[in-house]
Amino acid sequence: MSARLIDGKALAQEFRAELRIRVDRLRDAGIAPGLAVVIVGDDAASHVYVRNKSLACREIGMHSEVHALASGTTQAELVSFVRRLNDNPAIHGVLVQMPLPAGLDGRAVIEAIAPEKDVDGFHYQNVGALVAGEPAFYPCTPWGVMKLLEHEGVPLEGAHAVVVGRSTIVGKPMALMLINASATVTVCHSRTRDLAAITRQGDVLVAAVGRPGIIRGDMVKPGAVVIDVGINRLPDGRLAGDVDFESVARVASRLTPVPGGVGPMTIAMLLVNAVRSAERVAGLAAHGETRIA
Ligand code: GUN
């Protein structure tokens, strides 16, 4: 293997250590930062994600509450639940776990979240700010990827970044963040013709498709930095990324592992957004004085 592994777990740990200090500073200012996570229905994987988010909050000293609502919850009930959290001064971040059960309108629920508490960065107001290149809450997974690239000192200005995947949660915001960092960005997706011809041009290649092993070594430019956002559960229970690890590791210069790459950064950036939200309420400066944001 020639690629060096990018350790997302270690960077996330560094971020959490800094956030613990910021949470203490908030407490000194009389504010206990709080995150509310709402989950509807009983999808087992979603419940695991939500538990992990809640545990991560507590680990840095934040208040966290999980509201598990029955799968029969109506749209009106869910929206009014979210509005109550908007009005609750003890809550600085509101997150509704997606996907919602069939019959509920996820977009309408996201738009019911107060933009200043939308720590997922999914509300149109925050999406618009990202498009405009202005500060806002940014979606946690692509923002975590940006922090990994920054930490690794990967030059983005003028580099060709290829993003495979066009989801609202990862692919599209990832492309915008890379554009805002002055990369030349190509977005590929399931209808892209000759995917390999395009991925082979990427100095930075981000795979966010949700198909195990779709990116093979012969699709990667020698020396490229490869970021694997995929977390796929294989039939035998193992986790696998979108990148075929063995073949890509022989070609890339750096590569994120699955698990231990992007995943831990997603939760770390959620904590960053929640702490920043509380800092805004407290009138404490979040920008400029810390390494993270
Ligand atoms: N479902 C999968 N990823 C996410 C996420 O980042 N936020 C929310 N709210 N739901 C998700």
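The values are calculated or read from the model by the stated rules, or taken from the named source; none is laboratory data. Fair warning: this is a prediction, and the values are worked out from it, not measured in the lab. Positions of Cβ are backbone-derived with ideal geometry, glycine not excepted, and every protein chain shown enters the neighbour counts. Just the protein is used for accessible areas: all its heavy atoms, side chains included, with ligands, DNA and RNA removed. Shrake-Rupley method; radii C 1.70, N 1.55, O 1.52, S 1.80 Å.
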Query - Ser64 long-range amide H proximity, modeled H, under 5 Å - result: Leu35
Query raised in the report: Just how much of Lys221 is accessible, in Å², when a 1.4 Å probe is used and the result is rounded to the nearest 10?
Result: 70 Å²
**Report entry** Per-residue ³J(HN,Hα) for the range 142-147, Karplus 6.51 cos²θ - 1.76 cosθ + 1.60, θ = phi - 60°, Hz, x for Gly and Pro
**Finding:** x, 5, x, 4, 4, 5
Query - Test item: Cα-centred dipole of the range 121-218, Lys/Arg +1 and Asp/Glu -1 on Cβ, debye - result: 460 debye
Requested in this report: Provide the per-residue ³J(HN,Hα) series for the range 252-260, in order, calculated from phi with Karplus coefficients 6.51, -1.76, 1.60 and θ = phi - 60°, each as a whole number of Hz, with x at glycine and proline positions.
Outcome: 6, 8, 9, 8, 8, x, 10, x, x
Report task. Please give the solvent-accessible surface of His63 in Å², to the nearest 10, using a probe radius of 1.4 Å with every protein chain present. Result -> 70 Å²
Report task. Could you tell me what percent of the DSSP beta bridges with both partners in the chain are antiparallel, to the nearest 5? Result -> 5 percent
Report task. Please work out the Cα center distance from the range 29-77 to the range 230-261, rounded to the nearest Å. Result -> 28 Å
Requested in this report: Using only Cα atoms, figure out Rg for the range 124-250 and give it as a multiple of 2.2 N^0.38 Å.
Outcome: 1.03
Query raised in the report: Between the DSSP loop rule and a limit of at most 11 other Cβ atoms within 10 Å, which GluC sites (Glu not before Pro) in the range 115-172 are left?
Result: Glu157
Query - Percentage, to the nearest whole number, of Cα pairs in the chain over 25 Å apart - result: 48 percent
Requested in this report: Could you do me a favour and compute the accessible area per residue for the range 37-196, 1.4 Å probe, result in Å²?
Outcome: 46 Å²
Query - Amide hydrogen neighbours beyond the local backbone of Val206, cut-off 5 Å, H modeled - result: Val162, Val163, Val164, Ile227
**Report entry** Total charge dipole magnitude, the chain, about the Cα centre, Cβ charges on Lys, Arg, Asp, Glu only, Debye to nearest 20
**Finding:** 280 debye
Requested in this report: Determine the distance separating the Cα centre of the range 166-221 from the Cα centre of the range 98-159; give it in Å without decimals.
Outcome: 18 Å
**Report entry** Val38 long-range amide H proximity, modeled H, under 5 Å
**Finding:** His67, Leu95, Val96, Gln97
Report summary line: Sorted on mean Cβ neighbours within 10 Å (highest first), peptides 72-85, 254-267, 32-45 come out as 254-267, 32-45, 72-85
